[in-house]
1. Calculate, axis by axis, the spread of Cα positions in the range 368-509 along the three principal axes, and write the results as whole Å, longest axis first.
2. Cross-link partners among lysines for Lys320, C-alpha distance below 17 Å, same-chain residues fewer than 8 apart left out?
3. Using Cα-Cα distances under 8 Å and only pairs 6 or more residues apart, what relative contact order does the range 15-68 have, in percent?
4. More than 16 angstrom separation, counting every C-alpha pair in the range 15-68; what % is that?
5. Could you work out how far helix 354-370 tilts from the main Cα principal axis of the chain, as a 0 to 90 degree angle to the nearest 10?
6. Which angle between 0 and 90 degrees, to the nearest 10, do you get for helix 409-423 versus the longest principal axis of the chain when only C-alpha atoms count?
7. Out of the DSSP beta bridges found with both residues in the chain, what percent are antiparallel (nearest 5)?
8. So what's the projected area for the chain, the Cα convex hull averaged over all directions, in nm²?
Amino acid sequence: MKEPEKHRDSETGKTEVKTTTCYMCACRCGIRVHLRDDEVRYIEGNPEHPLNKGVICAKGASGIMKQYSPARLLKPLKRKEGTDRGAGSFEAITWDEAFGTLEARLAHIRSTDPKKLAFFTGRDQMQALTGMFAKQFGTPNYAAHGGFCSVNMAAGLIYTFGGSFWEFGGPDLERAKLFVMIGTAEDHHSNPMKMALGQFKRDGGRFVAINPVRSGYAAIADDWIAIKPGTDGALLLALIHEILKMGLYDRDFLVNYTNAPELVNQDQDSADFGLFVRTDLPIRDGCADPQNKLWWDRHSDEAVDNRWPDADPRLMGSYKLEDGTPVKPSFQLLHDQVKDYTPEWAADITGIDAATIRELAHEMGITARDQKIELPIAWTDAWGNEHDNVTGPPVAFHAMRGLAAHSNGFQTIRALGILMTILGTIDRPGGVRHRAPFPRPIPPCAKGPTGPEAVQPDTPLDGMPLGWPGAPEDLFVDDEGQPVRLDKAFSWEHPLSVHGLMHNVITNA
Ligand code: SF4
């Protein structure tokens, strides 16, 4: 391909503008690419695009180098005969030779043991295609980079409340009063977030950034709270501790839209210890359902089906069912779990002083409780209950892989999900808004291959290589319980690694 010459007049007078999407980062801003004589001359933001409305960043504008960088590979390269692997000695070959070589090798692997193809790709935005290739080839050893990037983040939130940030939803900065951003660099949701933040600040919103470094986002925050890298989980647990202690949780939201009141088996000798109690207790209309969920009703002081008309559950306490089984509402178990996670405890771990943690918890709690938004929009919830208006606590969060890309990242993300849940700031105005369609199942329905026997010569897999385990039987292990995949994803060791574990591949290989 010809390199563009500088300061050259058009040879033909032919100019064109192509409308497309930037992929210099994962925000997918709309762009207009200007061409002259079929060469890209410059790139600008597309003012008609709903996401970025004409805004473009420096990285997006430099996308021209994807076409013209002299460092691009233009032909397949093959290691030179007689040279050692790693010597960096290559020669260009034709595409026919490259495809011929690959076809012969891949056909042999597929007809003998297809899982010997380990197909791990980069951030190519083509996972629908590459995943389909792996499925049709018959190898389960497939993943892209998501497992050590934002999908870790998404998995933790999706398993907690069924949604996440960025592609799955985002903060409602048009209505939020307090916005807390944690563990976020500037590559996810970049231009749209910067535009929304500018407007949020002009509208008088308060912006708190929690990050080890003062990033570009943190530079415009009202408060930048510096935290030691990898310690966000301790901060989040201490915030939960404080909000519960001050009683600043959203009881109505917890009762109506979460499993906080549901009773959990506390009999340590029972096979069901730690599981939600499911019962066939009849409800008032006589219907019995083995999936009935139990609440402890504070009027009748007994366990009732949660669909019992006018049931009003206790969130706290310790009770006994008629058969003597000890039970607690799951909200009580959350209390028990975080009782020692005080701001002083978190201060030692995070480097943030206890007073700052207390103030932040207080600010979140009272903003959520005292500045509630009410919109006159009638709606029907997923259970068929009709409401005259939509309400929401105006505390919004945004987080990314800074929380997730550490040991215990998944649990850190779950702590964020629980903090948002007790504040009631999920899928409501001023909080995080899911993208349609919803409600979605938790976890999502897609499952991986049914078992090791699904890997057969010359046979496609019976499911996509990646999925969302919902129970032990969804794990991808052999008869001895050992992982089938090279990266050990979906094994007892790494059960919920929904986008695979690319960082394990080289070591395990
Ligand atoms: S934020 Fe910049 S690099 Fe990312 S998609 Fe938008 S213009 Fe491209």
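Bear in mind that the values in this text are calculations on the coordinates, not laboratory data. For clarity, every value in this text was computed on a predicted model and none was experimentally measured. Quick reminder, even Gly has a Cβ in these numbers, built from the backbone with ideal geometry, and neighbours come from all protein chains shown.
1. Cα extents, longest axis first: 60, 34, 22 Å.
2. Cross-link targets: Lys293, Lys328.
3. Values: 105 pairs, mean separation 15.9, N = 54.
That works out to 29 percent.
4. Details: 468 of 1431 pairs.
Taking all Cα-Cα pairs of the range 15-68, the fraction more than 16 Å apart is 33 percent.
5. The two axes meet at around 80 degrees.
6. Relative to the chain, helix 409-423 is tipped by roughly 50 degrees.
7. Values: 38 of 55 bridges.
If we restrict to bridges inside the chain, about 70 percent are antiparallel.
8. Dividing the Cα hull surface by four gives the mean projection, 31.3 nm².
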